[in-house]
Ligand SMILES: [Zn+2]
Ligand SMILES: [Zn+2]
């Protein structure tokens, strides 16, 4: 947020820019937050022109309050002056196979598109500080239709600092929440309308990077898509009776996902296209369930000195030829097998890093 107060209220109660008023106390302006008289500092050539409180007045919320007010005024004005005032958000059409789809429960199986509406085609009015119809709370702006009063209004909530948990407060009402940190943010809304940014989600499909503009009470998704043709990337882990396993990146349509190997003991689909760490995680999950020893789980199976893969450091005493391919299944009967518990704890002990998975 800008560190200077560049707008204030004039005698008529209107927001005015610092360069549009006389210098000093002659400006006849008051602070939108504390309502005390301000002086306009608009003659200088070095510092940015701004309004200042009288000496000794402490008003910590002046800039925030003013920005909030300015956002309401500018957006309302733009709504009336412009023929087009858009709202735009991401619409997701999820897989219809809610019961059988392996991916839909992690929100992976969907098609998406941007939906854009010109609010001016549906609404003709925009008012400030209107109480919600059912809730004792004031919205910053209410966009509604005088010509079609049956149309559900849209409430605009502007946040200059932190946003509250709107979705919990009012389920039902159509609300657009926008975040404003400086005047440029307001100008962007004026120029492009209410536009949802990119949602970024983590493994558990929690939104981790929230958009600056969020939509509540709008239809932004359906669960009825019968025509998903995009393959979903995942990590496939296959464990065999021998204790050997594979772990690799795979992709397919949700309806086609099934076991890859008839003779496998267990196959797991990890719902992530980020392979990093999955190989190790899967290895220890498999061991925990089936308890099959394998050299890859053994402390004695280490990186070879020349960087050419791995070798058993007891190869001499066990009578192994270190230049021949190593059969990791030999651990099943090896008397020197020593479980690498430290590594197992690293991957299974920390519950924070678990990735959603489905057994096939
Ligand atoms: Zn003040
Ligand atoms: Zn699906």
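The values are calculated or read from the model by the stated rules, or taken from the named source; none is laboratory data. As the structure is a computational prediction, the values presented were derived from the model and not from experiment. Here the Cβ positions follow ideal geometry from the backbone for every residue, glycine too, while neighbour counts run over all protein chains shown.
Taking the criterion of being loosely packed, with under 12 Cβ neighbours inside 10 Å, within 16 Å of ligand 2 (Cβ to nearest atom) and under 39 Å from the mean Cα position of the chain (by Cα), would at least one residue in the range 90-108 satisfy it? Looking through the range 90-108, at least one residue is loosely packed, with under 12 Cβ neighbours inside 10 Å, within 16 Å of ligand 2 (Cβ to nearest atom) and under 39 Å from the mean Cα position of the chain (by Cα). Residue-level check: of (1) crowded, with 16+ Cβ neighbours inside 10 Å; (2) in the same structural domain as residue 89 (by TED's automatic domain parsing); (3) at negative phi, residue 220 misses just (1). In the range 306-327, is there at least one residue being surrounded by 17 or more Cβ atoms within 10 Å (Cβ to Cβ), out of contact with any helix residue (DSSP H, G or I) (no Cβ under 7 Å at 6 or more places or on another chain) and in a helix (DSSP H, G or I)? Taking every residue of the range 306-327 in turn, none turns out to be surrounded by 17 or more Cβ atoms within 10 Å (Cβ to Cβ), out of contact with any helix residue (DSSP H, G or I) (no Cβ under 7 Å at 6 or more places or on another chain) and in a helix (DSSP H, G or I). The selection criterion, being on the phi < 0 side of the Ramachandran plot and surrounded by 12 or more Cβ atoms within 10 Å (Cβ to Cβ), does not hold for residue 359. Within the range 1-33, the only residue that satisfies the criterion of being surrounded by 13 or more Cβ atoms within 10 Å (Cβ to Cβ), out of contact with any strand residue (DSSP E or B) (no Cβ under 6 Å at 6 or more places or on another chain) and farther than 20 Å from residue 181 by Cα is 28.
Checked against the criterion of being out of contact with any helix residue (DSSP H, G or I) (no Cβ under 6 Å at 6 or more places or on another chain), surrounded by 12 or more Cβ atoms within 10 Å (Cβ to Cβ) and not in a helix (DSSP H, G or I), the range 60-69 contains one or more residues that satisfy it.
Is it true that some residue in the range 113-120 is within 16 Å of ligand 2 (Cβ to nearest atom), under 18 Å from the mean Cα position of the chain (by Cα) and farther than 30 Å from residue 51 by Cα? There is no residue in the range 113-120 that is within 16 Å of ligand 2 (Cβ to nearest atom), under 18 Å from the mean Cα position of the chain (by Cα) and farther than 30 Å from residue 51 by Cα. Cβ-Cβ contacts under 7 Å between residues 6 or more apart (or on different chains), taken from a first residue in the range 26-49 that is touching a residue at least 40 places away in the same chain (Cβ under 8 Å) to a second residue that is in a strand (DSSP E or B) and within 16 Å of ligand 1 (Cβ to nearest atom), are listed as 49/41. Examine the range 70-84 for a residue that is within 16 Å of ligand 1 (Cβ to nearest atom) and not assigned by TED's automatic domain parsing to the domain that holds residue 274, and state whether such a residue exists. Checking the range 70-84: at least one residue is within 16 Å of ligand 1 (Cβ to nearest atom) and not assigned by TED's automatic domain parsing to the domain that holds residue 274.
Filtering the range 286-296 for residues that are without any contact (Cβ under 8 Å) to a residue 12 or more places away in the chain and either under 18 Å from residue 240 (Cβ atoms) or under 41 Å from the mean Cα position of the chain (by Cα) (or both) leaves a non-empty set. Filtered by the rule that a residue be in a helix (DSSP H, G or I) and under 18 Å from residue 276 (Cα atoms), the range 328-360 gives 343, 344, 345, 346, 347, 348, 351, 352, 353.
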